[in-house]
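Data block below; observations after.
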Amino acid sequence: MTKPTEELILHVSKPEEHGESIAAMMRRMIAMIGEDPNREGLRKTPERFEKTLRYLTSGYHQEAEKILNSATFSECYDEMVVVKDIELYSLCEHHLLPFFGKCHVAYLPDKKVIGLSKIPRLVNMFARRLQIQERLTSQIAQAIQQKISPLGVGVIIEARHLCMVMRGVEKQHSQAVTSAMLGSFRDSKPTRDEFLALIRPSKTQ
Ligand SMILES: [Zn+2]
């Protein structure tokens, strides 16, 4: 899996572009909602918030090209490759609240494959940006399509959005499901069905 600390260091040490730091703004925001930013429990919160926000948006400083570059291989393997149940945590761009769940990625290779461990890294890269679930889903699919030109790509994300459940907009346990199907995953029902069967949770365990 990824090494969060490495990414954290990379992006916390970035110099300020606009004078006021995120932490200073957060300190003012805490005062604006009627809290005392100087009370003990809150004193270091603005700095923690800045660090966290920079980490959760560190995907802006990464490129799919770099993640996948050293990890594509020529192979004559021509069956479907599926990486399922990738844990996913992202921030909804409308409320800056988390949405989280699982991502399933599959592709049908055309002479090229991607190192399996790179797929969760690719998912993390796009997830660590301000997102909507629909765009996140299609960005993952497009990146794989562009990098190895497979016969097809399928991506499905099942996620719960805190902006829905915390604000009581929807039922507490509802999930949003989005999918992006490219190439043979779009054109061929058997391919799509195979993907759906492979990601179905196994019943006996
Ligand atoms: Zn939202």
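Structure values in brief
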{"quantity": "Of K66/K118; K66/K102; K111/K189; K111/K147, pairs whose Cα-Cα distance is over 19 Å", "calculated": "K66/K102; K111/K189"}
{"quantity": "Normalised contact order of the chain, rounded percent, pairs of Cα under 8 Å and 6 or more residues apart", "calculated": "19"}
{"quantity": "Length gained when the stretch E47-D193 is fully extended (0.36 nm per residue, less Cα-Cα span)", "calculated": "47.8 nm"}
{"quantity": "Computed [θ] at 222 nm, helices only, for the chain once each DSSP H run of length n ≥ 4 contributes -39500 (n - 2.57)", "calculated": "-11500 deg cm²/dmol"}
{"quantity": "Gain in span if fully extended, Y77 to M32, counting 0.36 nm per residue against the direct Cα distance", "calculated": "10.3 nm"}
{"quantity": "Label-point separation, R186 to K84 (7 Å along Cα→Cβ), nm", "calculated": "2.4"}
{"quantity": "Options I148, Y60, I33, ranked by Cα towards positive dipole end of the chain, top entry (Cβ charges)", "calculated": "I33"}
{"quantity": "Percent accessible area from carbon and sulfur atoms, the chain, protein chains only, probe 1.4 Å", "calculated": "56"}
{"quantity": "Protection proxy ranking, peptides 190-200, 132-142, average beta carbon neighbours within 10 Å, highest first", "calculated": "132-142, 190-200"}
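The values are calculated or read from the model by the stated rules, or taken from the named source; none is laboratory data. Not measured: the values here are computed from a predicted model. Ideal geometry is used to build each Cβ from the backbone, glycine not excepted, and the neighbour counts take in all protein chains shown. Side chains are part of the model used for accessible areas, which takes the heavy atoms of the whole protein and leaves out ligands, DNA and RNA. Shrake-Rupley method; radii C 1.70, N 1.55, O 1.52, S 1.80 Å.
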